[in-house]
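Novice: Quick one: the structure is below, and I'll ask about it shortly.
The values are calculated or read from the model by the stated rules, or taken from the named source; none is laboratory data. None of the values given here were measured: they were computed from a predicted structure. Every residue, glycine among them, receives a Cβ derived from its backbone with ideal geometry; neighbour counts consider all protein chains shown. Heads up: the accessible areas ignore ligands, DNA and RNA and are worked out on the full protein's heavy atoms, side chains in. Shrake-Rupley method; radii C 1.70, N 1.55, O 1.52, S 1.80 Å.
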Amino acid sequence: MMPLLASPQLTKLSVFSLFTIAFSVLSACNMMEHLAAGLMYPNESIKAAVCYLYGKLYSVPSAAERLFVHFTERLCGLFLTTLKNSQTKELQVNCLGLLKQLLKYDKFVSVIMSNSGKGADSASPELFERESPLPLMIKKLLLSRDEVLQVASAQCMAAVLVHSPATYAPAFINADIPEFLFECLFCMSEILTWSIYCCLLLLTEEQLFFSKCHTVYGIEPILRSLKEILHLNNVELQKQGLLLFTEILKWQPAEIKLFTNTSVFKDAVSVLLEALNCPILEVAAEAVKAVAAILRKDHVTIPPVLYRELQKLVEGVLKRCSDLPLKSFPLISIALESFRNACRLAVESQNDPVAQENSFTAPNSENEDTLKSFSEFLLRISDSLCIPIVMKYSERAVHPALMEVLISTLNILFSVMPDSSKRFSMKLGKENRKRLFSIFLSEFLILHDLFSLSSNPGLNHACSSFLHSICLNLHSSSKKPDDSSQEVHDLSELLQKSLPQLNFGIQESLSLLSETPDSFCLDETLRSHQYSFLLLFYFAFSQGDKFVPETELFSAIRSFLLSIQDQGDCPPPYVFKAVLYLLAICQDKTEALDLASLSAIRRILDSISDLSLVYVHHPLLLNFFLRYPELMGRFGHRILHLWLSCEDYSHTESEDTDKRLSAGFSDSLNNFNSLLCMLKGNPSALLVLLDLVCVGTSEVAHKVLITLKAFLKIDENAHVCDLLRSQFLQILQNLLVENNSSAQPLLLNLLFLVQLRHATERELDSTDFRLLHLVSNLSGKCSPTDHEILQPSLNYLYWSLQQTTPASQKTVVAMLFSNTPLLELLEKIIHLTWLPACSSEPALPSTSEALLCMNVNILQLLRAFFRQNLCSSFVKFAVRSTDEHGNELPQSEGDASLCPVAMRHVVSLVIPSHIVSQPWNKFLLISLLDSVDNSFLHPEILRLVALFIRYQNTRIISPIEIGRILEEAASTKLPELSDVTISALRSFLVQVSPLEMIS
């Protein structure tokens, strides 16, 4: 009997009909033998039919299990030989169909690929082909350029690898199958591209795939393929391609460069940016993962490093996440990882010369493609995009994983630009819109409530490290250059030791401050935890982050003070500085401290020799010390000295000080205004300030006087003026002894301001007369150019005469007229002011703004003199007698000695000088000219100009203008002028003739 399949007349249909009875005759082994024999038939159509039938049989799992022995003993060799020698597409397709069914089962894959993993050696790929012909067959089919065969062969390869990439991948890799897969990526078939992506993804699980440099060969085809599929609508294909790219970036060995030149790297960046902008969120998520993987030092150091391209990637990732819905938490986490990788890349590149090589830059042009510019970009974008994104997603729910990534990223940012770490810390703390430091600190405490950070060591370490770094940087930013480095070391050690152990929530941390350690316990853990919490609260509050109620914190700190008072403990200065600051900040919201708490503060402050160690320059801290007499009496001098030493008074001495104060021009001016408010109603503080004039440095004394001057302008309390006046005598005596010329004008101004506060007449007392004596003697010793001292002195002397009783006035005048140096100085000032220009004596500068004020002061002072009806045997006025022709008679020697200031000078010089010294004279002259059609030949104008010329006031009338008057007079006929005008013109010409201007 002939075999069932031996007859050439057997058609496909008859063979296919056998499928319906196959399972009922499986026990008949001859049937399966005859079916296998069909694969040896020379007709490929028959072979194709047999393969189709076998494919249907092995598609049923139960049948495949029963036919496994048949496959291993009879079918396997025949089938592989048939596939290898197949020529028609029909047979090739059916063979691959059967192969796909067989490859579903692990046992069949093991038989087909038997020995493919044994003796795997990259140097002997022929061994794999000899032991398992399947890789060679797949390679042949990939080269066929038939899309159906290429797809089927790639799917079969993936079906093998999916069982165990580590076992079966070496056979394909050593057969150079990856190269043929990469070549097939140039096609436009989506299904073929998908199949190749699947194969390559499975191959990435085998390290041999990378070590044989297949990825270096295939990176360009992958990028070209990604660029093409991103324009399609196949989302799954796009995700698969980006996933393949990510895996290659992730597992590529550091010693093998994936990007061999900058153009390939730019192509990669371009593809990723396009994927990031994809509207499909799933595709964008895969792109973010790829960006996180490419931000690796060995990927970007080509050289030169294209930092601008990296900036594009980082910015693209963060911008893509800035407007995502709240449910997109996984993508946000991946984006943060990308940013963290960029920060880590910047830190790793700092010590790598290759990473710091830059592309060529033209001379005299700035290169922005540098590590420095990239680092600055990271700091900027962390503030503008990264942190706001996380804060947005943390407002509604706590995400420990997200916070862990962000905090660890910020820890790295401290090292991105070490020189900017302090500025970065302050930025994190002071940005009120974000309240970042407060959020992190509260997050740190809240996480202890919601989760046990001890069971989440990663998050606990990230939080502790971040708080440690930011606290140290904030402390260093407020540290003075001469501060001890030991303090920084102790602070760092305390925080580093305690922060990971702070397993307390917000309320628990406040309760912890109120606890008192056991006096018999040697463990200092409780105190260390209290100190750490105080420091954390201090740094948060100093940046404006008041995330706990001030009343509760104030109460907790007060309990802490009582605790250390009972135990006799003395916290380190940097801890007690935090205590004082927090008390000062919270004081306005609570009641006053009790005596026990104040005693604890005094005891600790007494143990600190240098109060600058616990001083924080803040108005509320100064107000805290000035508020309590127990503190101000003992520490007020040193605190005010520290305050004034830290203040910048450069703006407070300008002319627009009052306007700037009201407008809040700067922090210094705001502080200055705050100090003035503190001094109101606090006479004890005023006395402390006055003491600083004598015992403080010259700079501090100068600032005190400026402060008091501003205070007297706004305070109208007469009692305060009496209090100050009683201290001025001693201060002025000290300044005269020390010859402190810089502070003398300020004190004299203060004396005058105090005098102005007395609106009614009062009797002068002994203090007033002693002050008058000192001021008049000081004035008499001055030269005419010492206007800074003379002006306030003359003001003071005049007002002392003006605002006192008649009896005191006579005493004052008698005292002043007995001061010959003072009177000689007054006459000299008047005399030198109006000297002719040709005089050999030195004249006072006419442009001095103080000149007019001094002359007016002298005039007022002399008027006050002359109003007195003096009757004294020592001082009298003597007016020179005249003969019948009006000529003055000589004075007697006694009269001359009693009248050092000649009345002739007073009458003839003071009044005209007063007229021409008015600041509005130029404006007056211009107005007169406008009213008479710009003609100088007007009697009033001529008389005014003559007066100006006579007293040498060249600021008002210039030689050019005098020439214009002369020209106009020369061109005018005298009969046309009135008699009054001619008389004024004659007076004008008399004054001009000495100037030699008449030609």
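Novice: As an exercise: evaluate Asp106 against (1) open to solvent by 10 Å² or more (accessible area, probe 1.4 Å); (2) touching a helix residue (DSSP H, G or I) at 6+ places or on another chain (Cβ under 7 Å); (3) modelled with pLDDT of 90 or more and give the number of the one condition it does not meet.
Specialist: It is condition (2) that Asp106 fails.
Novice: Kindly indicate whether Lys546 is out of contact with any strand residue (DSSP E or B) (no Cβ under 8 Å at 6 or more places or on another chain), closer than 26 Å to Gln501 by Cβ, assigned to a loop (DSSP other than H, G, I, E, B) and of a type in the set (Lys, Arg).
Specialist: Against the criterion (out of contact with any strand residue (DSSP E or B) (no Cβ under 8 Å at 6 or more places or on another chain), closer than 26 Å to Gln501 by Cβ, assigned to a loop (DSSP other than H, G, I, E, B) and of a type in the set (Lys, Arg)), Lys546 qualifies.
Novice: Let me ask another. Determine whether Leu593 is within 27 Å of the chain's Cα centre (by Cα), crowded, with 21+ Cβ neighbours inside 10 Å and modelled with pLDDT of 90 or more.
Specialist: Values: within 27 Å of the chain's Cα centre (by Cα): no; crowded, with 21+ Cβ neighbours inside 10 Å: yes; modelled with pLDDT of 90 or more: yes.
No.
Novice: Within region 269-315, how many residues are part of a helix (DSSP H, G or I), over 16 Å from Val235 (Cβ atoms) and among the basic types (Lys, Arg)?
Specialist: 3
Novice: Let me ask something else. Going by the conditions given, is Tyr649 modelled with pLDDT of 90 or more and open to solvent by less than 70 Å² (accessible area, probe 1.4 Å)?
Specialist: Answer is no for this residue.
Novice: On to the next question. If you take the residues of region 537-558 that are crowded, with 16+ Cβ neighbours inside 10 Å and of a type in the set (S, T, N, Q), which of them is farthest from Leu474 (Cα to Cα)?
Specialist: So, considering only residues that are crowded, with 16+ Cβ neighbours inside 10 Å and of a type in the set (S, T, N, Q), the one farthest from Leu474 (Cα to Cα) is Ser555.
Novice: Say whether the condition of being of a type in the set (Gly, Ala, Ser), assigned by the TED database to the domain that holds Leu535 and surrounded by fewer than 16 Cβ atoms within 10 Å (Cβ to Cβ) is met by at least one residue in region 576-590.
Specialist: No, because not a single residue in region 576-590 is of a type in the set (Gly, Ala, Ser), assigned by the TED database to the domain that holds Leu535 and surrounded by fewer than 16 Cβ atoms within 10 Å (Cβ to Cβ).
Novice: Just give me the residues in region 202-254 being in contact (Cβ under 8 Å) with a residue 24 or more places away in the chain and outside any helix (DSSP H, G or I), in sequence order.
Specialist: First, the residues of region 202-254 that are in contact (Cβ under 8 Å) with a residue 24 or more places away in the chain: 202-230, 232, 234-254.
If the condition is that a residue be in contact (Cβ under 8 Å) with a residue 24 or more places away in the chain and outside any helix (DSSP H, G or I), then Thr204, Glu205, Glu206, Lys212, Cys213, Leu230, Leu232, Asn234, Gln252, Pro253, Ala254 are the ones that fit.
Novice: Same structure again: Only one residue in Val945, Val992, Val916, Val980 is at pLDDT 85 or above, surrounded by 13 or more Cβ atoms within 10 Å (Cβ to Cβ) and of a type in the set (A, V, I, L, M), so which one is that?
Specialist: Values: Val945 fails: at pLDDT 85 or above; Val992 fails: at pLDDT 85 or above; Val916 fails: at pLDDT 85 or above.
Of the residues listed, the single one that is at pLDDT 85 or above, surrounded by 13 or more Cβ atoms within 10 Å (Cβ to Cβ) and of a type in the set (A, V, I, L, M) is Val980.
Novice: Scan Leu562, Leu534 and give me the residue that is modelled with pLDDT of 90 or more, touching a helix residue (DSSP H, G or I) at 6+ places or on another chain (Cβ under 8 Å), hydrophobic (A, V, I, L, M, F, W, C) and open to solvent by 30 Å² or more (accessible area, probe 1.4 Å).
Specialist: Leu562
Novice: Just checking, does region 790-811 include any residue being closer than 19 Å to Leu748 by Cα, of a type in the set (S, T, N, Q), open to solvent by 20 Å² or more (accessible area, probe 1.4 Å) and at pLDDT 80 or above?
Specialist: yes
Novice: Starting from region 691-718, keep only residues that are free of Cβ contacts under 8 Å to residues at least 40 places away in the same chain, then list their pairs with residues that are part of a helix (DSSP H, G or I) whose Cβ atoms are within a distance under 6 Å, requiring at least 6 positions of separation or different chains.
Specialist: Pairs that qualify, where the first residue is free of Cβ contacts under 8 Å to residues at least 40 places away in the same chain and the partner is part of a helix (DSSP H, G or I), are Phe711/Leu676; Phe711/Leu679.
Novice: Report yes if Leu756 is among the aliphatic types (A, V, I, L, M), surrounded by fewer than 16 Cβ atoms within 10 Å (Cβ to Cβ) and at pLDDT below 80, otherwise no. Outline the logic, then answer.
Specialist: Numbers: among the aliphatic types (A, V, I, L, M): yes; surrounded by fewer than 16 Cβ atoms within 10 Å (Cβ to Cβ): yes; at pLDDT below 80: yes.
Taking the combined requirement at face value, the residue satisfies it.
Novice: Something else: Considering Lys266, Lys312, which residue is touching a residue at least 40 places away in the same chain (Cβ under 8 Å), charged (D, E, K, R) and in the same structural domain as Phe374 (by the TED database)?
Specialist: On the way: Lys266 fails: in the same structural domain as Phe374 (by the TED database).
Going through Lys266, Lys312 in turn, the sole match is Lys312.
Novice: Cβ-Cβ under 8 Å, sequence separation 6+ or interchain: first residue in region 77-92 and assigned to a helix (DSSP H, G or I), partner open to solvent by 80 Å² or more (accessible area, probe 1.4 Å). Which pairs?
Specialist: Leu78/Met40
Novice: Whether any residue in region 765-786 is touching a strand residue (DSSP E or B) at 6+ places or on another chain (Cβ under 9 Å) and farther than 18 Å from Val700 by Cβ is what I want to check. Give the derivation first.
Specialist: Of all residues in region 765-786, those touching a strand residue (DSSP E or B) at 6+ places or on another chain (Cβ under 9 Å) come to 768.
Within this subset, residues satisfying the condition of being farther than 18 Å from Val700 by Cβ are 768.
For region 765-786, residues touching a strand residue (DSSP E or B) at 6+ places or on another chain (Cβ under 9 Å) and farther than 18 Å from Val700 by Cβ: present.
Novice: Only one residue in Leu281, Leu232, Leu273 is in contact with a Gly (Cβ under 7 Å, 6 or more places away or on another chain) and open to solvent by 30 Å² or more (accessible area, probe 1.4 Å), so which one is that?
Specialist: Going through Leu281, Leu232, Leu273 in turn, the sole match is Leu273.
Novice: Identify all residues within region 444-463 that are open to solvent by 10 Å² or more (accessible area, probe 1.4 Å) and either within 14 Å of Tyr538 (Cβ to Cβ) or modelled with pLDDT of 80 or more (or both); write none if there are none.
Specialist: Of everything in region 444-463, just one residue is open to solvent by 10 Å² or more (accessible area, probe 1.4 Å) and either within 14 Å of Tyr538 (Cβ to Cβ) or modelled with pLDDT of 80 or more (or both), namely His461.
Novice: Would you check if His773 is modelled with pLDDT under 80 and not polar (S, T, N, Q)?
Specialist: The answer is no for His773.
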